[in-house]
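One structure is given below, encoded as structure tokens.
Derivation of every value follows stated rules applied to the coordinates shown; laboratory data play no part. Every value quoted in this text rests on a predicted model; they were computed, and no experiment measured them. FYI the Cβ positions are ideal-geometry reconstructions off the backbone, even for glycines, and counts take in every protein chain you see.
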Amino acid sequence: MSDKVPVTVLTGYLGAGKTTLLNRILSEPHGKKYAVIVNEFGEIGIDNDLIVGADEEVFEMNNGCVCCTVRGDLVRIIDGLMRRKGKFDAIIVETTGLADPAPVAQTFFMDDNVGRKAKLDAVVTVADAKWLKDRLKDAPEAKNQIAFADVILLNKTDLVAADELGEVEARIRGINPYAKLHKTERCKIPLPEVLGRNAFDLDRILEIEPEFLGGQRDHDHDHDHDHAHHHHDGGLKHYHDEEMQSLSLKFDKPLDPDKFFPWIQDLVQTEGPNILRCKGILSFKDDDERFVFQGVHMILDGDHQRPWQQGEKRESRIIFIGRKLPEDKIREGFAGCVA
């Protein structure tokens, strides 16, 4: 799994700060070679001082990175990049501000040629602390971008008061409790927090989940949407977004792969449009390796990851983020996969 080039999909609403982040990646002396694929090179304000020389589509940067535009086919561009000498440490694909990140993310599952050489590492969403609440009301794409994210940069935090920031954060958590959230000004963030996240590795999510959810997630299915019931610890206000749900399940008993795979395939075929993301770490019977998978809508991808370590608790954990999820059906189905 590890020899594939990791791909980060960078998304965020117009003006949230994606270009600032891209310019940082393209100019910092990080010693890595990144290929940055942008939608419209001219329009997005990549800093021209950073560019050394270029063939028609690919611009070399002073720090060894390259930047290129997708005017046609993403697959063709990636294919071309992969043929360049001195392959890249990673590829970053910037989506247009109005776009739903799903089709871009799906490219890495669907196209065999690309899938053999690259893997989806993470979806990173840049959100504007000042305007996000309004966007969530009037722009479904903004909500999708939050729901899809593995990492969220809540940017421009210097422009809002502390209580307003807390409110925006709670909104984000109501849509996606599982993303790693960073508060930034001008997208200042150590790049390893954004790149090379290995979103397949749910451990990253599970580090966050307990502290945020207070271990209560599996029990709080009160659907009366009392918008701000405070956590028992008096912490973060907790929103339920009526439109989006997230569901987290776990089992201590090993699963039967002959039951699990048909079940998950069938689930994403029937509920795919409503399931934005799903991911899991699975313990199969008679299998000494952890199996990890992730999905975007109806497309699933998975692989053995590493051996279960001695003393590591062998449990299967799976999360879903989506709209109108049939929670009971998913729970029962997953329970039926136990070996």
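Worth a mention:
- Under a 5 Å amide H cut-off, with hydrogens placed 1.01 Å from N, T184 pairs with L154, N155, K156, T157 among residues at least 5 apart or on other chains.
- Bridgeable lysines around K32 (alpha carbons under 28 Å apart, same-chain partners fewer than 8 residues away excluded): K4, K18, K85, K87, K117, K119, K156, K180, K183, K188.
- Pairwise alpha-carbon distances in the range 90-168 exceed 19 Å for 43% of all pairs.
- Long-range tail of P(r) for the range 248-304 (Cα pairs > 13 Å, %): 61 percent
- Residues of type lysines that K329 reaches as a straight line, Cα spacing below 27 Å, ignoring anything fewer than 8 places off in the same chain: K143, K250, K253, K259, K279, K285, K313
- Residues whose placed amide H lies under 5 Å from that of V93, excluding near-sequence neighbours: T8, V9, L10, I37
- Inter-label distance for N113 and M298, nm, one decimal - labels placed 7 Å from Cα along Cα-to-Cβ: 2.4 nm
- Each residue of the range 9-18 was assigned a 3J(HN,Hα) from its phi angle through the Karplus curve 6.51 cos²θ - 1.76 cosθ + 1.60 (θ = phi - 60°); the sequence is 9, 9, 9, x, 6, 3, x, 6, x, 4 Hz, with glycine and proline shown as x.
- Added length on full extension, which subtracts the Cα-Cα distance from 0.36 nm per residue, E242 to A339: 31.4 nm
- Phi angles across the range 164-179 convert, under the Karplus curve 6.51 cos²θ - 1.76 cosθ + 1.60 with θ = phi - 60°, into 3J(HN,Hα) values of 5, 5, x, 5, 5, 4, 5, 4, 4, 4, x, 8, 9, x, 9, 6 Hz, Gly and Pro given as x.
- For F284, residues with placed amide H under 5 Å, excluding near neighbours: L255, F291
- Applied to the range 302-317, the Karplus parametrisation 6.51 cos²θ - 1.76 cosθ + 1.60 on θ = phi - 60° returns per-residue 3J(HN,Hα) values of x, 6, 5, 10, 6, x, 5, 7, 5, x, 6, 6, 7, 9, 9, 10 Hz, with x for Gly and Pro.
- Kirkwood-based Rg to Rh ratio, the range 136-187, C-alpha trace: 0.94
- For the range 91-120 and the range 313-328, distance of Cα centres in Å: 23 Å
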